[in-house]
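The values are calculated or read from the model by the stated rules, or taken from the named source; none is laboratory data. Every value quoted in this text rests on a predicted model; they were computed, and no experiment measured them. When we count neighbours, we look across all protein chains shown, and the Cβ atoms used for this are built from the backbone with ideal geometry, even at glycine.
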Amino acid sequence: MAASTKLLLGSGLCHRLAQLTRSLHTQPAQLSSFRSSKEVQSLEQYPEVEPVESAAAWKFVERLLPPQTVPRPVAKTDYPSGWQPQKSDGSESGYFVARTKNHMVPVYLHTRFRGQRRITVVRRVQGDIWALEKDLRAVVEQARNGKLCATRVNELSGQIHIHGDYVDVLREHLKAKGF
Amino acid sequence: MAHLRETSDKALKLLRTLPRVQIGNLRPNPNSKQNDKRGRAQHGGDKHGAGNKGSGQRQNFMRLGYETGNQPFYMRFPYEPYYKGHHMKRQYPPISLLQLQVLIDTNRIDVSQPVDISTLCNSGLLNLKPAEMEYGFQLTDEGLDNFKAKINIEVQYANEAVIAAIERNGGVIRTAYYDPRSLHMLSNAKKWFEKGVPIPNRMMPPQDALDYYTDAKNRGYLANPEEISKDRLVLAQKYGYQLPRIEDDPSFAMLSAAKDPRQVFYGLEPGWLINVVDKTIVKRKK
């Protein structure tokens, strides 16, 4: 950190900082409101300007422009957050759960009736949706100590609705299967 | 994945044998449209759930807190100080270290550059509303143990554990104040550049925020850099980790990059005008 101090000292920022903080503690209203800035004067008083093309600072502008599309994840050795890229294409299981445009697993919680009814929804299912429903139901029944669980399958829109809040359980299960 | 899309293929196959779908033979699903008319008298008229007589039937919804003639609860006590000035208080919407790590893992944030409000807003997953008294982001300690990124981040509020989590990985954290106008510029920089206005100076913090941002313990942007480097060591000893030497780091230039206290954007000086269409910067003539 000492070197960064040196860097700051080199650019005069340290000195400026000291000046600024001193003036702030003595003059409270200074520089803290746009009302304290001067009104526009006649144009002759201002310095002349010129447009600079391909300026060295343009890279700082480019950094501020947002990407047009969602960036693709880069392959890494490990992902500390627990997120992981999709690995399976569903050829061995017969079904496929596509990722969302934000590269997340499409498992959601729908709450209705002021939070009284909680339904876990798995979306973007392709292929044999009934096989997936059977697998997911086994996972949920294990999570609730062998008690039965109610499900509903919408084959056309590729969605499975599961009674109860099992979002974390199902998301982890799907991630473990590579989806 | 073609072999897995049997259902949609079947539906499309069925559709090919059916007459052409056009506006003339389409109709809404049964019961999908709700009639917003309330019939009267013989046209299906009854109470319609509004009950008999009184403000219920007349749908005379009373104003909030009105107790039909009683002295209302909110006026019963002459002095309620808890919410005094609540509409003036600065809000700092939270982002957790876990969220930040997810953004990094999914390539929404480039950690090879310094991270500030504009980087977070440009990810498209976070937004800031300066008009609703939101003065920037606070970094919270959820997912602190799994945070592994080496970043140079600037937030508006962070507690001690978060600072330690960032510095343990060889990163740099700074807390900085932005006035609402600068926040507006940072939250959507492209849109602001399109206005074609010179970049203004960033304002200094108000008096009640000054102590926070001049304190080295908070890594304030107005604190003495020497005190900050001392406090980095103190924190490392307190939390029991070896402080990585950022001076020896190959990305030292990125890690030590800092804005001037009067500067809004990295590398762009106040007074410059950015032309996004022509890709030029309008500067003072030398």
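Here are some notes:
- Within the range B:138-173, the set of residues being within 11 Å of another protein chain (Cβ to nearest Cβ) and either farther than 25 Å from A:LEU65 by Cβ or not in a loop (DSSP other than H, G, I, E, B) (or both) comprises B:GLY143, B:ASP145, B:ASN146, B:PHE147, B:LYS148, B:ASN152, B:GLU167, B:ASN169, B:VAL172.
- When restricted to residues that are away from chain A (no Cβ under 11 Å) and either closer than 15 Å to B:ASN169 by Cβ or small (Gly, Ala, Ser) (or both), the range B:237-248 contains 4.
- Top-ranked residue in the range A:80-92 [being in contact with a Lys or Arg (Cβ under 7 Å, 6 or more places away or on another chain) and more than 8 Å from every other protein chain (Cβ to nearest Cβ); ranked as surrounded by the fewest Cβ atoms within 10 Å (Cβ to Cβ)]: A:SER88
- The range B:107-121, residues that are facing chain A (nearest Cβ under 10 Å) and over 12 Å from the mean Cα position of the chain (by Cα): B:ASN107, B:ARG108, B:ILE109, B:ASP110, B:GLN113, B:PRO114
- Residue tally, condition surrounded by 13 or more Cβ atoms within 10 Å (Cβ to Cβ) and within 30 Å of B:ILE166 (Cα to Cα), over the range B:46-90: 1
- The residues of the range B:249-273 that are touching a residue at least 24 places away in the same chain (Cβ under 8 Å), more than 9 Å from every other protein chain (Cβ to nearest Cβ) and within 14 Å of B:SER112 (Cβ to Cβ), listed by number, are B:ASP249, B:SER251, B:MET254, B:ALA257.
- Yes/no for B:LYS129 being surrounded by fewer than 18 Cβ atoms within 10 Å (Cβ to Cβ), more than 15 Å from the chain's Cα centre (by Cα) and not hydroxyl-bearing (Ser, Thr, Tyr): no
- The criterion of being within 14 Å of chain B (Cβ to nearest Cβ) and assigned to a strand (DSSP E or B) does not hold for A:VAL105.
- Of all residues in the range A:121-145, exactly one satisfies the criterion of being farther than 17 Å from A:PHE179 by Cα, of a type outside the set (Gly, Ala, Ser) and in contact with a helix residue (DSSP H, G or I) (Cβ under 8 Å, 6 or more places away or on another chain), namely A:VAL140.
- A:VAL140 touching a Leu at 6+ places or on another chain (Cβ under 8 Å), modelled with pLDDT of 95 or more, within 26 Å of B:LEU103 (Cβ to Cβ) and β-branched (Val, Ile, Thr): no
- Taken over the range A:38-77, the criterion of being facing chain B (nearest Cβ under 8 Å) and more than 20 Å from B:VAL277 (Cα to Cα) is satisfied by A:PRO47, A:GLU48, A:VAL70, A:PRO71, A:ARG72, A:PRO73, A:VAL74, A:LYS76.
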